[in-house]
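Input: one structure, supplied below.
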Amino acid sequence: MNVSMNGIVKSFGANDVLRNVDFSVKGGEICALLGENGAGKSTLMNILGGVIRPDQGTILLDGKKHAFHSPAQSLDAGIAFIHQELNLINDLPVYENMFIGREKRKLGFIDHQGELEETRALFSQLGIEIAPETPVSALDASYKQIVEISRALMMKASIIIMDEPTTSLTDPEIERVFDMLRTLKKQDVGIIFISHKLREVMEICDTYAVLRDGVLVSSGEVKDTSIAQLSRDMVGHDVRTAPLGRIDAIGEEALRLEKLTLEPYFRNVSLSVHFGEVLGVTGLLGDGRSELFRAVFGDLNGYRGRVVLEARPVQIKSIRHALRLGIGYLPRNRKENAIIKDMDILDNGTIVRYKKCKRLGLISRKKQLESFDKQKKELLIKMGDPSDPISSLSGGNQQKVVLAKWLMTEPKILILDNPTQGVDVGAKEEIYDIILRLAKRGVAVVVLSNEAQEIIRVCDRALVMYHGDVVSEVFGCTMNEQNIMRLATGG
Ligand SMILES: Nc1ncnc2c1ncn2[C@@H]1O[C@H](COP(=O)(O)OP(=O)(O)OP(=O)(O)O)[C@@H](O)[C@H]1O
Ligand SMILES: [Mg+2]
């Protein structure tokens with residue numbers, strides 16, 4: 001199927017998000033849709049997916065004009081949309097989620113057995129190791145993503161839109177998804193692939209289109225461009241990629257873990273991080289690094305071992321308790337753990353600092369605004385009014401709001417789990433700069449990340465975990481991608 005979107009215009013109030021955009025994709029082609037946070041990528045796809053209506057412009061499918069008034073209409077026309085924000089029902093098992101809205105029926109009743117079997121067959125074909133009966137709530141975020149992708153595959157769509165499908169996946173899972181994409185491509189399915197990971201784009205995509213501030217600034221074949229050129233197209237100037245300066249002045253020990261064990265997640269983990277240091281912890285899915293720090297912060301109960309904070313043993317009971325002790329903790333999954341959907345931008349960005357924003361016992365909107373404004377500028381958050389809902393922000397800008405809120409607490413120790421998820425190339429660099437500045441000021445920073453490149457760029461040293469064990473420490477010349485990959489895969 002050939003899709004062509006012509007002259008698309010869309011504004012939200014005074015915010016002109018798409019200005020006369022032309023975009024097309026055809027069957028058998030993987031097209032990268034690129035641009036900085038807030039450039040208008042998701043909005044353009046929301047129009048194709050029938051989620052919102054354009055102010056102007058037309059959509060042609062195989063030359064025939066279509067106007068979608070709902071996601072169901074778009075799906076009927078053969079377009080499946082995997083959203084940036086996950087769309088699964090937590091209380092239902094995986095297989096039921098696979099059939100939401102198009103349940104299999106037998107004599108009027110939902111055919112659970114049939115749904116189960118079909119799901120099982122698809123999973124085994126794709127090499128997915130998830131039992132279809134598992135409730136979605138029990139799945140890690142990356143497995144949820146995999147379920148979403150397989151659901152779209154099951155719909156046998158002609159065009160699949162994937163809005164940042166790999167953000168919370170690790171390399172082997174990404175490879176698996178890419179294998180699926182290659183298979184689909186052979187079956188003449190067209191794929192629109194939104195990502196901030198340009199290496200992935202170079203690997204998997206055939207064509208590209210770059211949006212900057214709602215304008216299509218370049219498009220063409222991937223083989224005719226480069227990562228540097230794409231970054232330039234997106235940002236409008238060169239993006240620095242040289243190694244960042246290392247910090248030499250490392251202070252006293254800030255946090256020490258002694259033989260921490262919580263089966264089945266991690267065992268006998270000992271580590272220490274000093275003030276003024278950036279420690280990385282990396283590994284693949286199932287390595288236990290997120291659970292380790294969740295346990296330290298009272299979010300997972302029952303570990304054995306000792307946590308020592310500035311030479312004093314402590315038992316942290318909650319993230320709030322951690323905050324009182326001067327520790328900030330940015331959780332791994334923004335969508336599920338860090339954003340409060342019903343609150344506006346300002347409240348989301350200042351909630352952990354409410355105490356400091358109080359005047360005569362009441363929360364002072366003015367104080368909130370003052371402290372948020374500084375971070376907004378430093379992180380270049382692209383947003384409308386602070387009282388707009390958080391959901392009006394693009395994904396990457398939501399991530400920056402979450403980061404802003406933790407920076408405002410001025411922590412002595414800052415744990416960042418997956419800090420640059422969904423953040424564009426330019427903003428990533430801003431965040432790395434901020435991390436290094438914090439370390440220079442004496443903050444102990446721990447960066448948990450599945451991107452070896454990120455670890456290398458920002459950390460002084462890193463621990464590699466594999467199935468719950470710390471298998472190695474890397475620094476200096478041993479901190480390179482090949483070595484990290486080898487250790488992370490148990491090699
Ligand atoms: N429902 C909405 N109400 C108001 N503004 C919106 C709404 N949806 C999007 N916007 C605004 O439109 C602009 C483009 O957002 P969009 O989500 O399309 O960006 P994006 O390119 O997908 O960015 P990201 O890479 O961060 O996901 C942003 O300024 C955003 O705040
Ligand atoms: Mg988006």
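The values are calculated or read from the model by the stated rules, or taken from the named source; none is laboratory data. Owing to the predicted nature of the structure, the values given are computational and were not obtained by experimental measurement. Counting neighbours? That spans all protein chains shown, and the Cβs are built from the backbone with ideal geometry, glycine included. Each accessible area value is taken on the protein alone, full model and side chains, heavy atoms only, with ligands, DNA and RNA left out. Shrake-Rupley method; radii C 1.70, N 1.55, O 1.52, S 1.80 Å.
Name the residue that is nearest to residue 198 (Cα to Cα), counting only residues in segment 402-421 that are open to solvent by less than 10 Å² (accessible area, probe 1.4 Å) and within 16 Å of ligand 2 (Cβ to nearest atom).
Taking the candidates together, the pick is 420.
I would also like to ask the following. What is the one condition in (1) surrounded by 24 or more Cβ atoms within 10 Å (Cβ to Cβ); (2) away from ligand 1 (no atom under 16 Å from the Cβ); (3) more than 23 Å from residue 320 (Cα to Cα) that residue 446 does not satisfy?
(3)
Another one. Select from segment 25-45 the residues that are part of a strand (DSSP E or B) and within 17 Å of residue 232 (Cα to Cα) and write down the one among them that is nearest to ligand 1 (Cβ to nearest atom).
Restricting to residues being part of a strand (DSSP E or B) and within 17 Å of residue 232 (Cα to Cα), the top hit is 35.
Which of the residues spanning segment 382-401 are more than 10 Å from ligand 1 (Cβ to nearest atom) and surrounded by 22 or more Cβ atoms within 10 Å (Cβ to Cβ)?
401
Turning to a different aspect of this structure: Evaluate segment 84-104: report whether one residue or more is farther than 24 Å from residue 1 by Cα, within 16 Å of ligand 1 (Cβ to nearest atom) and among the hydrophobic types (A, V, I, L, M, F, W, C).
yes
In segment 172-199, which residues are touching a Phe, Trp or Tyr at 6+ places or on another chain (Cβ under 9 Å) and either outside the structural domain of residue 150 (by TED's automatic domain parsing) or more than 16 Å from ligand 2 (Cβ to nearest atom) (or both)?
Passing the criteria: 173, 181.
Next question, about the same structure. Output the residues belonging to segment 22-37 that are in contact (Cβ under 8 Å) with a residue 40 or more places away in the chain and either hydroxyl-bearing (Ser, Thr, Tyr) or closer than 20 Å to residue 57 by Cα (or both).
Of everything in segment 22-37, those that are in contact (Cβ under 8 Å) with a residue 40 or more places away in the chain and either hydroxyl-bearing (Ser, Thr, Tyr) or closer than 20 Å to residue 57 by Cα (or both) turn out to be 22, 23, 25, 26, 33.
Can you tell me how many residues in segment 22-44 are β-branched (Val, Ile, Thr) and within 9 Å of ligand 2 (Cβ to nearest atom)?
The number of residues fulfilling the criteria is 1.
Go through segment 97-153 and report how many residues are surrounded by fewer than 16 Cβ atoms within 10 Å (Cβ to Cβ), of a type in the set (Phe, Trp, Tyr) and in contact with a strand residue (DSSP E or B) (Cβ under 9 Å, 6 or more places away or on another chain).
Adding up the residues that qualify gives 0.
Also, I was wondering about something else. Here is a check on your reading of the model: is residue 14 farther than 20 Å from residue 76 by Cα and modelled with pLDDT under 95?
So residue 14 fits the description; yes.
Farther than 19 Å from residue 150 by Cα, surrounded by fewer than 22 Cβ atoms within 10 Å (Cβ to Cβ) and not aromatic (Phe, Trp, Tyr): which single residue out of 39, 67, 32 fits that description?
Checking each option against the conditions leaves just 67.
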